[in-house]
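For reference, the structure is listed below as structure tokens.
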Amino acid sequence: MNRDRILGQWHQLKGQAKQKWGKLTNDDLDRIDGRVEELRGVLQERYGLSKDAADKAILDFEKQHSTTS
């Protein structure tokens, strides 16, 4: 997982993250601010995911949007 890429492009990815994970609020997305660990925690809280499942969801999201520049 390229954590620096997510952090660096968070403003572009926020809308796509909101579409994928509709339970995340705008406040959640602002607080996350591209930090993968913060995103993992919020996904675990909102969706009841394990750490591994949240990491997989984030990795899948990153792969899906790897062409976003």
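The values are calculated or read from the model by the stated rules, or taken from the named source; none is laboratory data. Worth saying up front: this structure is predicted, and the values here are computed from it rather than measured. FYI the Cβ positions are ideal-geometry reconstructions off the backbone, even for glycines, and counts take in every protein chain you see. Accessible surface is based on the protein model in full, side chains and every heavy atom, while ligands, DNA and RNA are left aside. Shrake-Rupley method; radii C 1.70, N 1.55, O 1.52, S 1.80 Å.
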(message) Report every pair of residues separated by at least 6 positions or lying on different chains whose Cβ atoms are under 9 Å apart, first residue within segment 44-68 and over 21 Å from His11 (Cα atoms), second aromatic (Phe, Trp, Tyr) and part of a helix (DSSP H, G or I).
(response) Ala53/Tyr47
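What number of residues within segment 43-56 satisfy the criterion of being in contact with a Lys or Arg (Cβ under 8 Å, 6 or more places away or on another chain) and either modelled with pLDDT under 95 or among the small types (Gly, Ala, Ser) (or both)?
1
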(request) Report, ordered by the first and then the second residue, all pairs with beta carbons closer than 8 Å, sequence separation of six or more or different chains, a first member in segment 18-41 that is touching a residue at least 40 places away in the same chain (Cβ under 8 Å), and a second member that is in a helix (DSSP H, G or I) and surrounded by 11 or more Cβ atoms within 10 Å (Cβ to Cβ). (result) Lys20/Phe61
(request) Mind listing whichever residues of segment 17-36 are closer than 19 Å to Ser66 by Cα, open to solvent by 60 Å² or more (accessible area, probe 1.4 Å) and assigned to a helix (DSSP H, G or I)? (result) Lys18, Gln19, Lys20
(request) Just give me the residues in segment 37-60 being open to solvent by 60 Å² or more (accessible area, probe 1.4 Å) and either part of a loop (DSSP other than H, G, I, E, B) or of a type in the set (Asp, Glu) (or both), in sequence order. (result) Glu37, Glu45, Gly48, Ser50, Asp52, Asp60
(message) For the structure I just gave you, tell me whether Arg5 is in contact with an Asp or Glu (Cβ under 8 Å, 6 or more places away or on another chain) and modelled with pLDDT under 95.
(response) yes
(request) May I ask you to list the residues in segment 25-56 that are out of contact with any helix residue (DSSP H, G or I) (no Cβ under 6 Å at 6 or more places or on another chain) and aliphatic (A, V, I, L, M)? (result) Ala53
